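Asks: Sharing a structure below in structure tokens format, with a few things to ask.
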Amino acid sequence: MIDLRSDTVTKPTEAMRAAMARADVGDDVYGEDPTVNRLQEMMAAMFGKKTALLVPSGTMANQLAIRLHTQPGQEVIVESKAHIVRYEQGAAGALAGVQLHWIVGDRGLISAEQVEAAIRPKEPHTIQTGLICIENTHNSGGGTIYPLATIERIRAVATTHGIPMHLDGARLFNAIAATSLPPASYAQHFDSLSVCLSKGLGAPVGSVLMMNDLTLLEKAKRVRRMYGGAMRQAGILAAAGIYALEHHIERLQEDHDHAKQLARRLQQISTVRISPHDVDTNIVIFDVIGHRLAPPAIVAALKKEGVLINAIGGESFRAVTHLDISNSMADEACAIFTRVLAV
Ligand code: TLP
């Protein structure tokens, strides 16, 4: 089966499993797991932040950030299709007591002007803006990369208004691989950022929340515990993350090449609407128009032929390339798309 549903489906390689089995461990709630500590130090150094905290998921990392930066009753500015809006089960409202103020982006990207217009005036009747979140790469936007200049302009607006910024960098390594920009060039503009080890990097579990503020780190550990995310001998998982940092970053370009290849082939199919030019990284979002089958039946027909993808609403579909997709699997997926989607 060629599984293109997500880059979360990767399985740890033999070498990664060997690194996990060898990991030196301790109780991380006491701060005594040497492998977790090493991973956190590596990540903080790589992104130019003072601290890093391992948490079980990207969702938890985002939710810790929202909880840390805001007060109940405030508002968080975020793009309308952001993971925080679509896929976190309303956690920002349920757990941090904030409401989300959505802005509609262009392929998921919002501008400094849009952010500025969304910031609430500081007057007694109006809800107050507590945080600005952006997502890079933007998942539902199609793996879109934020231009650094846009981030700088949003940061300038945030600074003027004294509002903190959080980056959902679940796939920031894809942006880094595609642009060759140093990780810190993105990270420096944010009060906190979360980066996943379990997406393109191929680790089985884990995200890392990074910050400069040591007081915030202490609060983050308390909230992580409150949310059930404090782990014990988590060095087994951290070892997979360290292995991924050492071996799986540079190869991300292969996933981007496969995504472009899929997009180019899809473009040749008459029922498909896609612009390969818009495929920045490893996510391919496309529409299928005028096919005799409805979206769930299209997914089923592709599955029968050996390709898994997700229908993501309306006539849209998402295919994601990753570590477990080889050149021959990408070729085969192209052939299957043509067979099933051409009418
Ligand atoms: N995204 C998953 C699904 O939850 C939709 C996927 O298959 O793409 N931020 C972004 C931008 C994400 O894409 C995801 C996962 C997360 C956060 C959450 O990560 P996890 O699943 O570790 O909580």
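Asks: From the residues Val279, Thr321, Ala300, which one has its Cα farthest along the dipole of the stretch 251-341 in the positive direction, the dipole being from +1 and -1 charges on Cβ of Lys/Arg and Asp/Glu about the Cα centre?
Replies: Ala300
Asks: Right, here's the next one. Where q = 0.06, 0.08 Å⁻¹, what log10 of I(q)/I(0) comes from the Debye formula for the chain, counting one point per Cα?
Replies: -0.22, -0.39
Asks: Which loop trypsin sites (Lys or Arg not before Pro) in the stretch 247-343, with loop taken from DSSP, have no more than 13 other Cβ atoms within 10 angstrom of their Cβ?
Replies: Here the sparse-neighbourhood loop sites are Arg251, Arg292.
Asks: For Lys50, list the aspartates and glutamates whose Cα falls under 15 Å from its own Cα; do not include residues on the same chain fewer than 8 positions away.
Replies: Glu41, Asp191, Asp213, Glu218
Asks: Taking a threshold of 23 Å on the Cα-Cα distance, which of the pairs Lys81/Lys122; Lys49/Lys81; Lys49/Lys219; Lys199/Lys260; Lys260/Lys303 fall above it?
Replies: Lys81/Lys122; Lys49/Lys81
Asks: Nearest 20 debye, what's the magnitude of the dipole of the stretch 251-341 about its Cα centre given +1 on Lys and Arg Cβ and -1 on Asp and Glu Cβ?
Replies: 320
Asks: Report the antiparallel proportion of the DSSP beta bridges in the chain as a percent, rounded to a multiple of 5.
Replies: Numbers: 21 of 39 bridges.
So the antiparallel bridges in the chain amount to around 55 percent.
Asks: Could you rank the peptides 235-244, 23-32, 105-114 by their average count of other C-beta atoms within 10 Å per residue, with the highest value first?
Replies: The peptides rank, most packed first, as 235-244, 105-114, 23-32.
Asks: Okay, next question. Using every alpha carbon pair in the stretch 74-155, what percent of pairs falls into each 10 Å bin from 0 up to the bin containing the largest distance?
Replies: Result returned by the calculation: 18, 50, 28, 4.
Asks: Give the residue from Leu54, Thr8, Gln253 lying farthest towards the positive end of the charge dipole for the chain; charges sit on Cβ (+1 for Lys and Arg, -1 for Asp and Glu) and the dipole is referred to the Cα centre.
Replies: Towards the positive end, the residue furthest out is Thr8.
Asks: Suppose each label sits 7 Å from its Cα in the direction of the beta carbon; what would the Ala297-Asp278 distance come out to in nanometres?
Replies: Here the modelled spin labels are 2.6 nm apart.
Asks: What is the spin-label model distance, in nm, from Glu250 to Arg5 if the labels are put 7 Å beyond Cα along the C-beta direction?
Replies: A separation of 3.3 nm, rounded to one decimal place.
Asks: Continuing with this model, one more query. Quickly estimate the mean residue ellipticity at 222 nm for the chain, helices only: each DSSP H run with n ≥ 4 gives -39500 (n - 2.57), and the total goes over all residues, rounded to 500.
Replies: -13000 deg cm²/dmol
Asks: Roughly how big is the chain's charge dipole about its Cα centre, with Cβ charges of +1 (Lys, Arg) and -1 (Asp, Glu), in debye to the nearest 20?
Replies: That gives the chain a dipole magnitude of about 520 debye.
Asks: On the first, second and third principal axes, largest extent first, how far apart are the outermost C-alpha atoms of the stretch 251-341 in Å?
Replies: Projected onto the principal axes, the Cα atoms of the stretch 251-341 cover 38, 26, 21 Å.
Asks: With the crude spin-label approximation of a point 7 Å out along Cα→Cβ, what separation in nm comes out for Ser326 versus Glu218?
Replies: Between Ser326 and Glu218, the label points sit 5.3 nm apart.
Asks: Of the GluC sites (Glu not before Pro) in the stretch 218-272, which ones lie in a loop per DSSP and count no more than 15 other C-beta atoms within 10 Å?
Replies: Glu250
Asks: Report ³J(HN,Hα) in whole Hz for each residue of the stretch 186-203, in order, from the Karplus equation J = 6.51 cos²θ - 1.76 cosθ + 1.60 where θ = phi - 60°; Gly and Pro get x.
Replies: Each residue's phi maps through the Karplus curve to give 7, 4, 4, 8, 10, 6, 8, 9, 10, 10, 8, 9, 9, 9, x, 6, x, 6 Hz.
Asks: Tell me, what % of the accessible area of the chain is carbon and sulfur with a 1.4 angstrom probe? Write out the running numbers ahead of the final one.
Replies: Details: 7400 of 14350 Å².
On the chain, the fraction of accessible area on carbon and sulfur atoms equals 52 percent.
The values are calculated or read from the model by the stated rules, or taken from the named source; none is laboratory data. If you're wondering where the values come from, they're calculated on a predicted model, not measured in any experiment. Positions of Cβ are generated from backbone atoms using ideal geometry, with glycine treated the same way; all protein chains shown enter the neighbour counts. Ligands, DNA and RNA are excluded from the accessible area calculation, which covers all protein heavy atoms including side chains. Shrake-Rupley method; radii C 1.70, N 1.55, O 1.52, S 1.80 Å.
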